[in-house]
Amino acid sequence: MGLIQEFKEFAVKGNAVDMAVGIIIGAAFNGVVQSLVNDVAMPPLGWIIGGVDFSDLKVVLSPAKTSETGETIAEVAILYGKFVNTVINFLVVAFTVFLVVKVMNRLINARETLVARVVRQD
């Protein structure tokens, strides 16, 4: 079988379409999670710990300077606040995927149990 024929069969199968739909929904879900973390979860958390905006937290290694020639030299900083936001994004996504998989597994087990009961009755 030729490479092009194999690709046609792969692309037409439901798996490729399902994967594409999953990627599109995942990208949209990413925007929802980012908004949830940045706009809903982090402001109250920052308020609780004293009005801190996590995205602004950083350790400045070298402050911004102006060179002798008048060029602005940007600061060098470790942006750990943005890292904290990213970790929280990851945890929200991971927990959501865990819940979805858990529900799917429960539904699959329920379906298998139901099918087994129907087969035994026949």
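Report, by residue number, each residue of the stretch 32-68 that is at pLDDT 90 or above and not small (Gly, Ala, Ser). Those that are at pLDDT 90 or above and not small (Gly, Ala, Ser): Lys58, Val59, Val60, Leu61, Pro63, Lys65, Thr66.
Condition check ((1) surrounded by fewer than 12 Cβ atoms within 10 Å (Cβ to Cβ); (2) in contact (Cβ under 8 Å) with a residue 60 or more places away in the chain; (3) under 30 Å from Glu6 (Cβ atoms); (4) of a type outside the set (Ser, Thr, Tyr)) across all residues:
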position: Val52; (1), (2), (3), (4): no, no, no, yes
position: Ser67; (1), (2), (3), (4): yes, no, no, no
position: Glu71; (1), (2), (3), (4): yes, no, no, yes
position: Val93; (1), (2), (3), (4): no, yes, no, yes
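Scanning the stretch 1-34 for residues that are of a type in the set (S, T, N, Q) and surrounded by 11 or more Cβ atoms within 10 Å (Cβ to Cβ) returns Asn30, Gln34. The condition of being assigned to a helix (DSSP H, G or I), free of Cβ contacts under 8 Å to residues at least 24 places away in the same chain, surrounded by 10 or more Cβ atoms within 10 Å (Cβ to Cβ) and not aliphatic (A, V, I, L, M) holds for only one of Asn89, Asn85, Asn105, that being Asn105.
Could you please let me know if Glu112 is among the acidic types (Asp, Glu) and outside any loop (DSSP other than H, G, I, E, B)? Yes: the conditions hold for Glu112.
The values are calculated or read from the model by the stated rules, or taken from the named source; none is laboratory data. Just so it is clear, the structure is predicted and the values come from calculations on it, not from any experiment. Positions of Cβ are backbone-derived with ideal geometry, glycine not excepted, and every protein chain shown enters the neighbour counts.
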